[in-house]
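Student: The structure's right below; bear with me while I get my questions together.
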Amino acid sequence: MGRLLMSGTVDAECLMVDFAGLRLRNPVLAASGTFGYGLEMQSYVDLEKIGGFVAKSLTLEPRYGNSPPRIAEVSSGMLNSISLENVGVEAFIRQKLPEVPQEALVIASVFGTEIAHYVEACERLSSEDRVAAIEINASCPHVKSGGIEFGQNAQILGKLVGQVRSSTVGTLLVKLSPNVTDIAEMARVCEAEGADGISVINALQALDVDLKERRSVLWNGLGGLSGPAILPVALRMVWQCFQAVSIPICGIGGISSAEDALKFILCGAQAIQVGTANYLNPCSTEAIVGGLLDYCQENRVGSIQDLVGCLQPPRWKVS
Amino acid sequence: MTSRPSRTCTVLSNESMGGGNFCLRLEISGEWARSSPGQFVMLSPVAPSQFCFSDPLLPRPMAIYRTDATSSGSGIVIDVAYKVVGRGTALMRAALPGSLMTVVGPLGQGFTKPGDGIGAVLIGGGTGIASLYEHARILSEHCRTVVLLGANTAEMILGRVDFEGLSLELHVATEDGSLGSHGLVTDLLPSTLEEMPCSHVYACGPTSMMREVAAIAARRRIPCDVSIENNMACGIGVCLGCAIPLGEGKGFALVCKDGPVFDCRTLGWEDC
Ligand SMILES: Cc1cc2nc3c(=O)[nH]c(=O)nc-3n(C[C@H](O)[C@H](O)[C@H](O)COP(=O)(O)OP(=O)(O)OC[C@H]3O[C@@H](n4cnc5c(N)ncnc54)[C@H](O)[C@@H]3O)c2cc1C
Ligand SMILES: Cc1cc2nc3c(=O)[nH]c(=O)nc-3n(C[C@H](O)[C@H](O)[C@H](O)COP(=O)(O)O)c2cc1C
Ligand code: FES
């Protein structure tokens, strides 16, 4: 489907964006955990036609994930508790990275249960030419604070970002946890500690119940909610961050069409990531690029960057 | 290189196979990679433009029951044999001829070939039988093939008429005794293996059935492939949602990518 829409769109100028020191072909990236290490998606997506992809979050050492069931479906979304499963930083660099086509833009995602682990992983990854940027996933339980997510406490988040910043050479993005009272505060902390950009949002903590078993549907109890169900929450958070900071924002949450992507751009996102929609249709990212191009051409938008943050004030403020 | 994009397909028919089972006939135009028996597709009962509005949202894994040539000669026809168990399969049931669906595939690892090809036993229960039909058809052209099928009642045995049309030995077991032997299909396996030289056993059905089959095959040191079902989101190895345990300390395998067909010895049956 997306193939036809895409013909002739390679490097269409109106879609090019500058994002946190990166020159992106277009603002459409794939979200971590929904695109594997990129290689798995090559049969479905031309990696050189999308803005780039964020690889599955990596820990220093390879890790196994949770026991099944790991996923469940809910209205307009899904729950997941994959946990830390990944091949580890070294295997990513040695086995996965060299296989990714040259023109594809790769963002590595990092997580850990201690700050020192994040720092070491970022150091190692930022020495790799093929890694265009590092996104730190702050939705991981901080063991020393009794399991609260790094991204849920401004002080811990600040410490994490500060320390990672000093050991990371290139572009550093911080992916915020939405499981907080005030997302803008977290965005400000990231900006103050030297992040080049923020990715907003990760999955929302959630629970669903198997009535027959009177138990959580997931082995792990709680899971992360993603998909179209979270889009309005994510939009709200992107908008609030946009008011609060001047570093660029990558919008994430329930995006499955060019229209969804445009909403995020209007709310202040310079780039967007597509997550769960990759499962619904593995060609989603490419199709969204095609849809954005059509929109720009139909509406005579010279550069999609001109739309960033152009959300009009609500009606009651105008009248 | 995008070689296996998701594809729009057209419903040709959607008819009852009896016993609460249905057969969805889909025409896929254009190139389609040849599937091997045991592979599956991810099927969304809506056109690609409707994904984000569909409820349920995620595509459903379905075995490729049978493939056929199209009347025009280009593209392919695939049959999906299914049972309505929830919202996704209810949507499939509601689809009318001419409506559009989306399919990704063929996916996963299919059945391995029988080693020395002397004889093969296929054993299926419930909708698991859908994974076995193509394999039975092809095997029956090459070696002695015995198929054992089971269900609650005679009517519920998926695709029995189709299996009867193949040149193989078919035995059925029903729990109500309405056809064949009275009891579980696994009860037929030991005596079958007693009577024939068998180089491979293939099974697909409920986990309890496959566990039993795996144990019987192991006792006789006969290689055994099982086709496993699990919840899936992507079907292509990127969500890590379909992982199953490989046994204590051995980590996980992905049903969609490493399976759905596994050598039964590789699985951690106590945790399945
Ligand atoms: C590789 C593979 C191949 C498959 N091939 C076929 C096939 O050819 N034909 C077919 O009919 N089904 C097949 N299945 C199973 C099929 O995918 C599920 O039945 C389907 O996803 C259920 O979707 P639903 O929305 O209707 O049910 P849901 O709303 O998701 O679930 C409704 C209820 O059904 C139960 N349920 C879910 N899956 C199954 C299952 N596999 N067996 C029994 N109960 C289940 C759930 O626990 C729940 O209680 C296959 C599964 C896999 C992994
Ligand atoms: C199965 C699954 C696995 C995920 N794994 C990761 C991960 O490893 N790292 C990460 O930062 N986000 C991960 N996410 C979160 C997504 O990247 C994204 O932030 C979230 O799903 C919201 O976007 P969506 O609604 O478009 O999916 C995962 C999401 C899903 C559904
Ligand atoms: S279903 Fe996504 S990895 Fe298997």
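Student: Please list the non-local residues whose amide H lies under 5 Å from the amide H of B:Leu170, H modeled 1.01 Å from N, same-chain partners needing a gap of 5 or more.
Tutor: B:Val147
Student: Then there is this: Taking GluC sites (Glu not before Pro) as candidate sites, keep only those in a DSSP loop with at most 13 other Cβ atoms within 10 Å, then name the longest stretch of chain B containing none of them. All intermediate terms of the calculation are to be shown ahead of the outcome.
Tutor: Working: sites that count: B:Glu31, B:Glu141, B:Glu248.
Within chain B, the longest run free of exposed GluC sites (Glu not before Pro) spans B:32-140.
Student: I've got another one for you. Ranked highest first by average number of other Cβ atoms within 10 Å, how do A:106-118, A:243-255, A:87-99 line up?
Tutor: Details: A:106-118: 21.8, A:243-255: 23.8, A:87-99: 16.2.
Result, highest mean Cβ count within 10 Å first: A:243-255, A:106-118, A:87-99.
Student: Okay, moving on. Within 10 Å of each Cβ of A:282-291, how many other protein chain Cβ atoms are there on average? Before the final figure, lay out each step's value.
Tutor: On the way: counts 11, 8, 4, 0, 2, 5, 0, 0, 0, 0.
Taking the mean over all residues of the peptide, I get 3.
Student: How many percent of Cα pairs in the protein assembly as shown exceed 34 Å?
Tutor: 44 percent
Student: Moving to a separate point now. Kindly flag which residue pairs out of A:Lys212/B:Lys257; A:Lys49/A:Lys96; B:Lys83/B:Lys113; B:Lys113/B:Lys250 have an alpha-carbon separation exceeding 22 Å in this structure.
Tutor: Working: A:Lys212/B:Lys257 30 Å; A:Lys49/A:Lys96 19 Å; B:Lys83/B:Lys113 28 Å; B:Lys113/B:Lys250 26 Å.
In this structure, A:Lys212/B:Lys257; B:Lys83/B:Lys113; B:Lys113/B:Lys250 exceed 22 Å between Cα atoms.
Student: Take the alpha carbon atoms of the range A:118-168, find their center, do the same for the range A:41-96, and report the distance between the two centers in whole angstrom.
Tutor: 18 Å
Student: Within the accessible area of chain A, what % is carbon and sulfur when the probe is 1.4 Å and the other protein chains stay in place?
Tutor: Values: 6200 of 12720 Å².
Within chain A, the accessible surface is 49 percent carbon and sulfur.
Student: Work out, in µm²/s and without decimals, the Stokes-Einstein translational diffusion coefficient of the range A:28-183 at 10 °C, 1.306 mPa s, Rh from Kirkwood over C-alpha pairs. Mind showing how you got there, number by number?
Tutor: Working: Rh = 16.1 Å.
Estimated diffusion coefficient is 99 µm²/s.
Student: Once amide H atoms are placed 1.01 Å from N in the peptide plane, what residues at a sequence separation of 5 or more from A:Ala30, or on another chain, have their amide H within under 5 Å of its amide H?
Tutor: A:Gly52, A:Phe53, A:Val54, A:Val274
Student: Something else: How large is Rg/Rh for the range B:162-263, to two decimals, with Cα atoms and a Kirkwood Rh? Numbers along the way, then the final one.
Tutor: On the way: Rg = 16.1 Å, Rh = 15.6 Å.
In the range B:162-263, Rg relative to Rh is 1.03.
Student: Could you tell me which of rounded, prolate or oblate describes chain A, using a ≥ b ≥ c as the square roots of the eigenvalues of the alpha-carbon gyration tensor, with rounded for a/c under 1.5 and, failing that, prolate when a/b is larger than b/c and oblate otherwise?
Tutor: Working: a/c = 1.26, a/b = 1.21, b/c = 1.05.
Verdict is rounded for chain A.
Student: Go ahead and estimate [θ] at 222 nm for chain B from helices alone: -39,500 (n - 2.57) per DSSP H run with n ≥ 4, summed, over the residue count, rounded to 500.
Tutor: Per the formula, -4000 deg cm²/dmol.
Student: Write down the percent of antiparallel bridges among all DSSP beta bridges whose residues are both part of the range B:143-272, to the nearest 5. Can you show the working numbers first?
Tutor: Working: 6 of 18 bridges.
Restricted to the range B:143-272, the bridges split so that about 35 percent are antiparallel.
Student: Is the shape of the range A:43-85 rounded, prolate or oblate, going by the alpha carbon gyration tensor and its root eigenvalues a ≥ b ≥ c, with a/c under 1.5 for rounded and a/b larger than b/c for prolate?
Tutor: Details: a/c = 2.87, a/b = 1.25, b/c = 2.30.
The shape class here is oblate.
Student: Another one. Post the alpha-carbon centroid distance, the range B:236-256 to the range B:202-220, in whole angstrom.
Tutor: 20 Å
Student: Give the accessible surface of the range A:194-319 per residue, rounded to a whole number of Å², with probe radius 1.4 Å and ligands, DNA and RNA excluded. Display every interim value, and only then the final one.
Tutor: Values: 5590 Å² over 126 residues.
In whole numbers, the range A:194-319 has 44 Å² accessible per residue.
Student: Determine which lysines satisfy two conditions relative to A:Lys144: a Cα distance under 23 Å, and not lying fewer than 8 residues away in the same chain.
Tutor: Qualifying lysines at Cα under 23 Å: A:Lys159, A:Lys175.
Student: Rank A:Gly147, A:Gly170, A:Gly197 by mean-square fluctuation in a GNM of chain A with C-alpha springs under 10 angstrom and give only the top-ranked residue.
Tutor: A:Gly147
Student: Can I ask one more? In sequence order, what are the phi-derived ³J(HN,Hα) couplings for the range B:69-75 according to the Karplus relation 6.51 cos²θ - 1.76 cosθ + 1.60 with θ = phi - 60°, rounded to whole Hz, with x for glycine and proline?
Tutor: Result, ordered by residue: 7, 7, 5, 7, x, 9, x Hz.
Student: Then there's this: What is the Cα centroid distance between the range A:219-279 and the range B:80-105, reported in whole angstrom?
Tutor: That distance is 30 Å.
Student: Could you state how much accessible area is buried at the B-A interface, both sides summed, with a 1.4 Å probe, in Å² to the nearest 100? Don't jump to the answer; show the numbers that get you there.
Tutor: Details: alone 12750 and 14200 Å², together 23960 Å².
Chain pair B/A: roughly 3000 Å² of buried accessible area.
Student: Show me the trypsin sites (Lys or Arg not before Pro) within the range B:243-272 that DSSP assigns to loop and that have at most 15 other Cβ atoms within 10 Å of their Cβ. Could you put the intermediate results ahead of the total?
Tutor: On the way: sites: B:Lys250, B:Lys257, B:Arg265; in loops: B:Lys250, B:Lys257.
Here the trypsin sites (Lys or Arg not before Pro) that fit, given the DSSP loop and packing criteria, are B:Lys250.
Student: Dividing the Cα convex hull volume of the range A:107-223 by residue count, how many Å³ per residue is that?
Tutor: On the way: hull volume 12.5 nm³, N = 117.
Cα-based convex hull of the range A:107-223, divided per residue, equals 107 Å³.
Student: Of the residues A:Ala72, A:Ala184, A:Ala269, which exhibits the maximal mean-square fluctuation in a Gaussian network model of chain A defined by a 10 Å Cα contact cut-off?
Tutor: Looking only at A:Ala72, A:Ala184, A:Ala269, the biggest GNM fluctuation is shown by A:Ala72.
Student: Most fluctuating residue of A:Gln270, A:Gln305, A:Gln102 in a GNM of chain A with Cα springs under 10 Å: which is it?
Tutor: A:Gln102
Student: Given H placed on each backbone N at 1.01 Å, which residues far from B:Gly180 in sequence or on other chains put an amide H within less than 5 Å of it?
Tutor: For B:Gly180, no residues qualify.
Student: Now, a different point. Give me the log10 of I(q) over I(0) for the range A:183-277 at q = 0.19 Å⁻¹, as the Debye formula computes it from C-alpha points; what are the numbers?
Tutor: -0.83
Student: On the protein heavy atoms, probe 1.4 angstrom, tell me the percent of accessible surface of the range B:61-175 carried by carbon and sulfur. If you can, show how the numbers build up before the last one.
Tutor: Details: 2450 of 4540 Å².
Carbon and sulfur together cover 54 percent of it.
Student: Continuing with the same structure: Report, largest value first, the span of the C-alpha coordinates of chain B along each principal axis, in whole Å.
Tutor: That gives 54, 44, 34 Å along the principal axes, largest extent first.
Student: Something else about it: Show me A:48-59, A:33-44, B:180-191 ranked by packing, highest mean number of other Cβ atoms within 10 Å first. Present the calculation step by step, with values, prior to reporting the outcome.
Tutor: Working: A:48-59: 25.1, A:33-44: 22.6, B:180-191: 17.4.
Per-residue Cβ counts within 10 Å, averaged per peptide and sorted highest first, yield A:48-59, A:33-44, B:180-191.
Student: Additional query: Give me the 1.4 Å probe accessible area per residue for the range B:154-272, excluding ligands and nucleic acids, in Å².
Tutor: Result: 44 Å² per residue.
Student: So, one more: Under the rule a/c < 1.5 gives rounded, and otherwise a/b versus b/c splits prolate from oblate, where does the range A:247-302 land using the Cα gyration tensor? Walk me through the intermediate numbers first.
Tutor: Numbers: a/c = 2.38, a/b = 1.15, b/c = 2.06.
Cα axes put the range A:247-302 in the oblate bin.
Student: Hey, another quick one. What percentage of the solvent-accessible surface of the range B:185-272, computed with a 1.4 Å probe over protein heavy atoms, is contributed by carbon and sulfur atoms? If you can, show how the numbers build up before the last one.
Tutor: Values: 1690 of 3550 Å².
Its accessible area is 47 percent carbon and sulfur atoms.
Student: Within 10 Å of each Cβ in A:68-78, how many Cβ atoms from other chains are there, averaged over the peptide?
Tutor: Details: counts 11, 5, 9, 11, 4, 10, 2, 3, 6, 2, 7.
So the per-residue partner count for this stretch is 6.
Student: Considering every residue in B:56-66, what mean count of other chain Cβ atoms within 10 Å of its Cβ is obtained?
Tutor: Values: counts 5, 14, 9, 4, 1, 0, 0, 0, 0, 0, 0.
The shielding value for this peptide is 3.
The values are calculated or read from the model by the stated rules, or taken from the named source; none is laboratory data. The structure presented is a predicted model; accordingly, all values stated were derived computationally and were not measured. Here the Cβ is made from the backbone with ideal geometry for all residues, glycine too, and neighbour counts use every protein chain on show. Note: accessible area is taken over every heavy atom of the protein model, side chains too, but ligands, DNA and RNA are not part of it. Shrake-Rupley method; radii C 1.70, N 1.55, O 1.52, S 1.80 Å.
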